[in-house]
1. Rank F255, F205 by accessible area, highest first, at a 1.4 Å probe radius?
2. Distance between Cα centroids, region 245-264 to region 40-76: provide it in whole Å.
3. With the full set of protein chains in place, find how many percent of the accessible area of the chain is carbon and sulfur; take the probe as 1.4 Å.
4. Among [x] 277; [y] 165; [z] 255, which is the computed volume of the Cα convex hull per residue in Å³?
5. Not counting ligands, DNA or RNA, and with a 1.4 Å probe, what is I361's accessible surface area in Å² rounded to the nearest 10?
6. At a threshold of 8 angstrom on Cα-Cα distance, excluding pairs fewer than six apart, so keeping six or more, what relative contact order does the chain reach in percent?
7. Within region 341-396, list the chymotrypsin sites (Phe, Trp or Tyr not before Pro) lying in a DSSP loop whose Cβ has at most 16 other Cβ atoms in a 10 Å radius.
8. I want the local charge near P104. Using Cβ-Cβ distances under 15 Å, sum +1 for each Lys or Arg and -1 for each Asp or Glu among the other residues.
Amino acid sequence: APDDGGREITMYFIEQEIGNGTFSTVAETSGLICSLAGLSGSTAYRVRVVAVNAIGSSLASDAAEFLTLPPLEPQPPADVLVAHGAPYLATVSWSPPADDGGRPVVAYAVSFVASGRSLEEVSMVGAEKQIVEISGLLGATTYEFQAAALNEVGTSIAATCVSSTPPSVVPAAPGIPTVGGLSQHSAALAWEDPMHDGGSPLLGFRIWARSEGSWSMVAELLGGSWNSTVIENLQGDTDHRFKVLAFNRVGAGPFSGVSLVARTWEVPPFAPSGVTASQVWQHEVVLSWEAPARDGGHAITGYRVWQQGGAEADWILAIGDSGSNGTSLVVPRLVGNSAYSFRVAGINSLGVGEQSSPSAIARTLPVPPYKPLPPNITSTAASSAELEWEAPDDGG
């Protein structure tokens, strides 16, 4: 120790040359030993000491010179901590290593591993950052999180922290579906994945649609890799809206927002309703009906009629085109005393529309007996003969 000048020495300042004979204080101590940290490897340094008592500071000592050893990898980061804001998230934080190995830390590598799984590297972050958020984790799972420091020499041993995620929850809502590829009866949908899967892998998506009534599910896509599909069997010439939800083993998540209105292409007319045989005669009926709720986007120019002569008979064309948008007509050429049902469909420039439901059975009026078959001659004599025949339909 130097002469204290008559007052007890209370402090020593250690000064380091920073260039051109200029020194700057880098440490202080009340003892006679001091460790300098944060030095660079393979580098020459000059340091000196200044003593301080109650009266003031001494002149600086002559400078001592030394050369540091070659640089090494840094020591591991310190104080690795993990916090979970959700089952699928982890926030990993740490402090810089106590020794950077003689070269500045330039980055940190963060990784994690679950039991029985391979190590996954999340990201490399700059030396100025000591926190990173990890997503895509599984709920109710124990992970080992690792952080390693890097300098120009190499990578430190990883510092670790073991932590368990909370139980899984349902997934977040998918993105609002966009609609494209419209046709008369289909629409192509696409959407973004949910922001998170709830900590349990997605099992699939459910698509709901609404046109004129309430919402109904129109498709279920199994497997979490779906982001688009084509919805079939939609009503033509109709406004449709769509929404999507994702589901995992915990359950179904919230719905996405609702898509913009998408109108399917124009179509042949919708089905007429209320088909009725209002007047019935021996060989014809007057058929009437309610016009379709929609003409499909094009004016109705006529109607087509089918008839069925008995419950087991085939449906056959009765009138190909009425040539008018009127909602009644006469169906001719019917068989008397016979049961008939009828169906009707509208016609526009796009074609023949949907058929109506069958009308109630209508029976034509009775008629004179049908022509008997030729008689059989059963015996003859000189002046007589006997005939026999089958009775014809009595016509009702």
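The values are calculated or read from the model by the stated rules, or taken from the named source; none is laboratory data. What you are looking at is a predicted structure, and each value in this text was computed from that prediction instead of being measured. For neighbour counting, all protein chains shown are included, and Cβ atoms are generated from backbone atoms with ideal geometry for every residue, glycine included. Protein only, heavy atoms only, side chains kept; ligands, DNA and RNA dropped before computing areas. Shrake-Rupley method; radii C 1.70, N 1.55, O 1.52, S 1.80 Å.
1. Details: F255 75, F205 0 Å².
Ranked list, largest accessible area first: F255, F205.
2. 66
3. Working: 11420 of 21900 Å².
The computed percentage sits at 52.
4. Among [x] 277; [y] 165; [z] 255, the one derived from this structure is [x].
5. Roughly 130 Å² of I361 is accessible to a 1.4 Å probe.
6. Details: 1063 pairs, mean separation 36.6, N = 396.
Normalised by residue count, the contact order of the chain is 9 percent.
7. Here the chymotrypsin sites (Phe, Trp or Tyr not before Pro) that fit, given the DSSP loop and packing criteria, are Y370, W389.
8. Values: positive: R103, K129; negative: E73, D99, D100, E128, E152.
So the environment of P104 carries a net charge of -3.
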